[in-house]
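**Q** Okay, handing you the structure first.
The values are calculated or read from the model by the stated rules, or taken from the named source; none is laboratory data. Note that the structure is a prediction, hence the values are computed from the model and not measured. Quick reminder, even Gly has a Cβ in these numbers, built from the backbone with ideal geometry, and neighbours come from all protein chains shown. These accessible areas exclude ligands, DNA and RNA; they are computed on the full protein's heavy atoms, side chains included. Shrake-Rupley method; radii C 1.70, N 1.55, O 1.52, S 1.80 Å.
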Amino acid sequence: MLTFILRRGLMAILVALTVSFGTFALFHYATDPAQTIAGEDAPQEMVDEIRKQYGFDRPAAVQYFDWLGSALTGDFGESYFWKQPVVQLIVDHAPVTITLALASLCVTVLIALPLGISAALKPNSWVDRFALSTAVSAQAIPNFWLGLMLIILLAVTFPIFPVSGDATWRHFVLPSLVLGASSVPAVMRLTRTGLLDVLSSDYIRTARAKGFTGYRLIVQQAMRNALLPIVSVLAVQLGNKLGGSVVTESVFSMNGLGRLAVESIFNSDIPTVQSLILIFVLTFVLLTLAADLINAWLDPRIRMG
Amino acid sequence: MTTNQAINESGLTPTTAVQEDNSLGLSPTMAALKRARSHYGLKIGLGILLVMAIFALFAPWLAPHDPYMQNLPMRMLPPVWGEGGQWQYLLGTDHLGRDYLSRLIYGARISMTIGIGAATVGMIIGVTLGLIAGYYGGWLDQAVNFLVTCQLAVPSLLLIMALVFVIGQSVTVVIFVIGATHWVFYLVVTRSATLRLREMDFVAAAHAMGCSKFQIAVKEVLPNLANQIMVIFTLEVAVAILNEATLSFLGLGIPSPIPSWGLMIAEGKQAMFFQPWLVVLPGIALFVLVIAINLLGDGVRDVTVTNRRN
């Protein structure tokens, strides 16, 4: 078990480092931060002065390790655009995104699990067909458009929820629905196929023969094994939701990390973009690592293999 | 591990087993065509796609107006069934008085170009890497696997946005950037199929006859992957189309005034409380196109991939 954790942990660190270096290189060679700070039509002397002052004239590798070293101690540098420490920006914007991601995960689970389970219990019935066509449609709806439609319907025509913002829990209802809906097809399909596989296995036949039915058969016997892949896919989906927040937060004008990322890109605010990508990648890597560990804990075959 | 889940998410593994059919004696292609004729999803998807493709191809002749022509006195007209709608502008006009139907028709062109273009770019990258990883194995395989892990860990939309912003907004850039970030499915499927095919007798025979590794990979292994690659291609076209719409909606995709459906939704958003059709219509167009492509992809998978090969 220990070597398993160590091996996966090492991989996670390596991935995070590679990705962060890739982002750094991309921005380093494609943009001129000195010009960005000085402004579009600043005189050349001023740009040169800033370049020297911030150390942009040093070799790329030196700058990267300098940035990485500070990042490891929690110093992500200063935002060029908002003129304040990136850490402060992230701390200010994170709560909205975390709340949104968790709430939308609940939405996903609450819709996808019951649908997937009922579809698997009665394959090829109308429930199954309904669940599958829901998945097919949900996959084809542009997420941002679904957000706009919900605003038109539930915030304007029937003013039940606020149009935009993030002040109260009511502001989070529509965005969570939108972001949650995006993961429903994947989780539902996986629940359905996973449970179908388990239900056709020998031990379930034995359980049925012994007289197990309904709740005890499905939840106590079958779901336990069907849950394995669902745990991993939920972790991946939670990671994706951080990325998905980019769109949802823009549609609903919420002050989260996603919208911060969009605005930083528009304003060539490299330290902020770079730090956000690093944080997103780290979160994703940690989530998948956690999922792998939970799975290894649940299933001895994985940790031995 | 993660890649397998990702594949499952895509619904690539067949969820419905193909019914047993007595296609003995038919060539595989004929058998697939026979199955296709009785597959409703496939027929519906293909039908919708053909209609939209005709509109996209013959847009200059089918569109009633020039999609770039501004006509400010005629701005914000509702569709013909709305109050004050005019027959001249069937689906109304936008905030600059441009004919909405014409822009929607030209928008199909943009969506399809980008979808097919990006899926092709992704296919070239993914299949090449997959063949290399699966056929050569060893450290090359490990390197490619690491690349996949990294690619999956990056929030792809954010990366695409950053890349498009840095390189510059144009149709070509959007195609290449979306393609360059969507090759993982091709790779995973190509790699695992290559691993399996590598051990087969006909590959050993080709090897014995003196074919080089490259010849074997391209001439013996690749043709056997065509079905699966085609299925992924269709599904990736749909993903690319949705990605482009999202990018353009956020203002980091197709530049104005090109009629992209995502951009039209972004422009319509300003007035969506008073003229909701500006947002509703391009969204429906996107939905119909993407669902048709997905139905086609699922159908092709059902009729060609007869057993769970992976």
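**Q** Using just the helices of chain A, give the 222 nm mean residue ellipticity in deg cm²/dmol: DSSP H runs with n ≥ 4 each add -39,500 (n - 2.57), and the total is spread over all residues, rounded to 500.
**A** -25500 deg cm²/dmol
**Q** Which whole-number percentage describes the relative contact order of chain B, with Cα contacts under 8 Å and a sequence gap of 6 or more? It would help to have the intermediate numbers written out before the result.
**A** Values: 438 pairs, mean separation 79.3, N = 310.
Worked out over chain B, it gives 26 percent.
**Q** Another question, then. As a quick test, which of the pairs A:K241/B:K43; B:K43/B:K213; A:K52/A:K241; A:K122/B:K34; A:K241/B:K213 have an alpha carbon distance above 32 angstrom in this structure?
**A** Numbers: A:K241/B:K43 34 Å; B:K43/B:K213 40 Å; A:K52/A:K241 39 Å; A:K122/B:K34 29 Å; A:K241/B:K213 42 Å.
Checking Cα-Cα distances, A:K241/B:K43; B:K43/B:K213; A:K52/A:K241; A:K241/B:K213 exceed 32 Å.
**Q** Quick one: compute a quarter of the convex hull surface over the Cα atoms of the range A:86-303 and quote it in nm².
**A** Details: hull surface 57.0 nm².
With the hull built on Cα positions only, its mean projection is 14.3 nm².
**Q** For chain B, what does the helix formula give at 222 nm: sum of -39500 (n - 2.57) over DSSP H segments with n ≥ 4, over the residue count, nearest 500 deg cm²/dmol? Intermediate results must be reported in sequence, preceding the final value.
**A** Values: 13 runs with 200 residues, N = 310.
Calculated mean residue ellipticity at 222 nm is -21000 deg cm²/dmol.
**Q** Keeping every protein chain present and rolling a 1.4 Å probe, give me the accessible area per residue for chain B in Å².
**A** Numbers: 13940 Å² over 310 residues.
For chain B, the solvent-accessible area averages 45 Å² per residue.
**Q** With θ taken as phi - 60° and the coefficients 6.51, -1.76 and 1.60, list the Karplus ³J(HN,Hα) couplings across the range A:73-83 in order, rounded to whole Hz; mark glycine and proline as x.
**A** So the Karplus estimates, Gly and Pro as x, are 8, x, 9, 8, x, 10, 5, 5, 8, 8, 6 Hz.
**Q** How big is the range B:198-280 on each of its three principal axes, counting only the C-alpha atoms and giving the largest first in Å?
**A** Largest first, the range B:198-280 extends 72, 20, 15 Å along its Cα principal axes.
**Q** I would also like to ask the following. Given contacts defined as C-alpha pairs under 8 Å and at least six residues apart, what's the relative contact order of the range A:86-303, whole-number percent? Write down the numbers at each step before the final one.
**A** Working: 250 pairs, mean separation 59.7, N = 218.
It comes to 27 percent, rounded to a whole number.
**Q** Which of A:T283, A:T248, A:T206 ends up with the largest GNM mean-square fluctuation for chain A, with Cα atoms connected below 10 Å?
**A** Most flexible of the set in this elastic network: A:T206.
**Q** With a 1.4 Å probe on protein heavy atoms only, tell me which residues of the range B:227-263 lose at least 20 Å² of accessible surface in the complex relative to the chain by itself.
**A** B:L242, B:T246, B:F249, B:L250, B:L252
**Q** Also: State the answer as a single residue: which of A:C106, A:G165, A:V262 lies farthest towards the positive end of the charge dipole of chain A, with beta carbon charges of +1 for Lys and Arg and -1 for Asp and Glu, about the Cα centre.
**A** Farthest along the dipole direction, towards plus: A:C106.
**Q** Same structure, new question: For the protein assembly as shown, what is the charge dipole size about the Cα centre, in debye to the nearest 20, if Lys and Arg each add +1 at the Cβ and Asp and Glu each add -1 at the Cβ? Please report the intermediate quantities before stating the final value.
**A** Working: 37 positive and 36 negative charges, 494 e Å.
Result for the protein assembly as shown is approximately 2380 debye, rounded to the nearest 20.
**Q** To one decimal place, what Kirkwood hydrodynamic radius in Å is obtained for the protein assembly as shown from all pairs of distinct Cα atoms? The partial results should precede the final answer.
**A** Values: mean 1/r = 0.0380 Å⁻¹.
The answer is 26.3 Å.
**Q** Would you kindly calculate the mean projected area, averaged across all directions, of the convex hull enclosing the Cα atoms of the range A:213-295, in square nanometres? Could you put the intermediate results ahead of the total?
**A** Details: hull surface 28.0 nm².
Taking the Cα atoms of the range A:213-295, their convex hull projects to 7.0 nm² on average.
**Q** Hydropathy first: keep DSSP H helices in chain B averaging at least 0.5 on Kyte-Doolittle, then drop any whose Cα extent along the axis falls short of 27 Å, and list what survives. Working shown, then result.
**A** On the way: long enough: B:100-136 (53 Å, 1.23); B:226-250 (35 Å, 1.45); B:277-304 (40 Å, 1.73).
Span-like helices here: B:100-136, B:226-250, B:277-304.
**Q** So, one more: If you line up the long axis of helix A:170-199 against the longest principal axis of chain A, both from Cα atoms, how many degrees apart are they, to the nearest 10?
**A** The helix A:170-199 is inclined about 50 degrees to chain A.
**Q** So for the pair B:H95, B:A180, with labels modelled 7 Å out along Cα→Cβ, what separation do we get in nm?
**A** 3.2 nm
**Q** Over the Cα atoms of chain B, what radius of gyration and what Dmax do you get, in Å?
**A** Computed over the Cα atoms of chain B, radius of gyration and Dmax are 22.4, 77 Å.
**Q** Where nothing but the Cβ of Lys and Arg (+1) and of Asp and Glu (-1) is charged, how large is the charge dipole of chain B around its Cα centre, in debye to the nearest 20?
**A** On the way: 17 positive and 16 negative charges, 71 e Å.
Computed about the Cα centre, the dipole is about 340 debye.
**Q** A drop of at least 40 square angstrom in accessible area, chain alone versus all protein chains together, probe 1.4 Å. Which residues of the range A:115-155 meet that?
**A** A:V136, A:Q139, A:A140, A:P142, A:F144, A:W145, A:L148, A:I152
**Q** Once amide H atoms are placed 1.01 Å from N in the peptide plane, what residues at a sequence separation of 5 or more from A:E78, or on another chain, have their amide H within under 5 Å of its amide H?
**A** A:V86
**Q** Follow-up. Any idea what the alpha-carbon Rg over 2.2 N^0.38 Å comes to for the range A:1-79?
**A** Details: Rg = 16.8 Å, N = 79, 2.2 N^0.38 = 11.6 Å.
Ratio of Cα Rg to 2.2 N^0.38 Å: 1.45.
**Q** Ignoring ligands, DNA and RNA, what percent of the accessible area of the protein assembly as shown is carbon or sulfur (1.4 Å)? Working shown, then result.
**A** Working: 18770 of 28390 Å².
With neighbouring chains kept in place, the figure for the protein assembly as shown is 66 percent.
**Q** Here's another thing I want to ask about it. Mind grabbing the interface size between B and A? I mean buried accessible area, both sides, 1.4 Å probe, in Å² to the nearest hundred. Kindly include the intermediate steps, with their values, before the conclusion.
**A** Details: alone 16100 and 16550 Å², together 28390 Å².
Buried area (both sides, nearest 100 Å²): 4300 Å².
**Q** May I pose another question? Could you provide, to the nearest whole Å², the per residue accessible area of the range A:86-303 with probe 1.4 Å?
**A** Working: 8890 Å² over 218 residues.
Per-residue accessible area for the range A:86-303 comes out at 41 Å².
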